Amino acid sequence: MMTGQVNDRKSKIVERLRSDWPLITLVLATFLVSFFIYPHLPERVPSHWNFQGEVDNYSSRFWGAFAIPLMSMGIYLLMLVTPYIDPRRRNYAKFTSTYQVLKAALICFFTGLYVIIVMTALGYNVSVERLVPLGISLLILIIGNMMGRIRHNYFVGIKVPWTLASEEVWRKTHRLGAPMWVGAGLLGILGAIIGGKATAILFFVPLGLAVIIPVVYSYISYKRLYS
């Protein structure tokens, strides 16, 4: 029985690998580019910027070239196996397409961030102060749009003690959080377009509220249901 379950999981993972070939190709392409450009990168590669687009941290040449490709690969592999090891793995069948969209969004986001870092390191003039908040805001928008479809699990979603302890609290919290994350994403995009101080204000304030309010709401909902 156990052998049959293991073989079934292996076959499902192999099938998923085949269907994920565009994402796998994207991740492998970043490694290929890194090997090609590595000799041309400076010793110190910009790795972080403030909201004025000024570099405030650097990494070594190696990490500048390979940190994000390695991170993307790690995220992909983790999201590949999680549906088979999560204690609530049966629920993944209820939001398979949503999970795939989230996986693709994360890989595409990190690939875009990789392109920005590499182009900046190679001396190209890149509007980092706009593009990075724009990319993050688009990711937030996608997550918000998908949030209401995420079923009870231990890996993706708003994972706090009260949502993990109750499927009803999970459902209510994600229904509240979904439009808030969508709104935060849209305002973040607007801020990235406007630029200047508006970028930081329209990015951090809505996102902070979108994170904090659902968490507080999940606690209140749990207390109402189980006290």
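The values are calculated or read from the model by the stated rules, or taken from the named source; none is laboratory data. What you see is a predicted model; the values in this text were computed from it and never measured. Methodologically, a virtual Cβ is constructed for each residue, glycine included, from the backbone with ideal geometry; neighbour enumeration extends over all protein chains shown.
Collect the residues in the stretch 67-90 that are more than 16 Å from the chain's Cα centre (by Cα) and surrounded by fewer than 17 Cβ atoms within 10 Å (Cβ to Cβ), keeping them in residue-number order.
Of everything in the stretch 67-90, those that are more than 16 Å from the chain's Cα centre (by Cα) and surrounded by fewer than 17 Cβ atoms within 10 Å (Cβ to Cβ) turn out to be VAL81, TYR84, ILE85, ASP86, PRO87, ARG88, ARG89, ARG90.
Got at least one residue in the stretch 194-209 being surrounded by fewer than 20 Cβ atoms within 10 Å (Cβ to Cβ) and within 26 Å of ILE85 (Cβ to Cβ)?
There is no residue in the stretch 194-209 that is surrounded by fewer than 20 Cβ atoms within 10 Å (Cβ to Cβ) and within 26 Å of ILE85 (Cβ to Cβ).
Tally the residues that are aliphatic (A, V, I, L, M) and over 19 Å from the mean Cα position of the chain (by Cα), restricting the search to the stretch 172-201.
7
Would you check which residues across the stretch 157-173 are part of a loop (DSSP other than H, G, I, E, B) and farther than 19 Å from VAL101 by Cβ and list them?
VAL160, SER166, listed by residue number.
Scan the stretch 126-171 for residues that are of a type in the set (Gly, Ala, Ser), under 30 Å from GLY196 (Cα atoms) and either surrounded by fewer than 17 Cβ atoms within 10 Å (Cβ to Cβ) or touching a residue at least 60 places away in the same chain (Cβ under 8 Å) (or both) and jot them down.
SER127, SER137, GLY144
Tell me which residues, restricted to the stretch 109-136, are under 21 Å from ALA178 (Cα atoms) and either acidic (Asp, Glu) or outside the structural domain of GLY195 (by TED's automatic domain parsing) (or both).
Within the stretch 109-136, just PHE109 meets the criteria.
For residues that are within 24 Å of LEU186 (Cα to Cα) and free of Cβ contacts under 8 Å to residues at least 12 places away in the same chain, scanning just the stretch 208-227, find the one that is nearest to the chain's Cα centre (by Cα).
Ranking the qualifying residues of the stretch 208-227, first place goes to VAL211.
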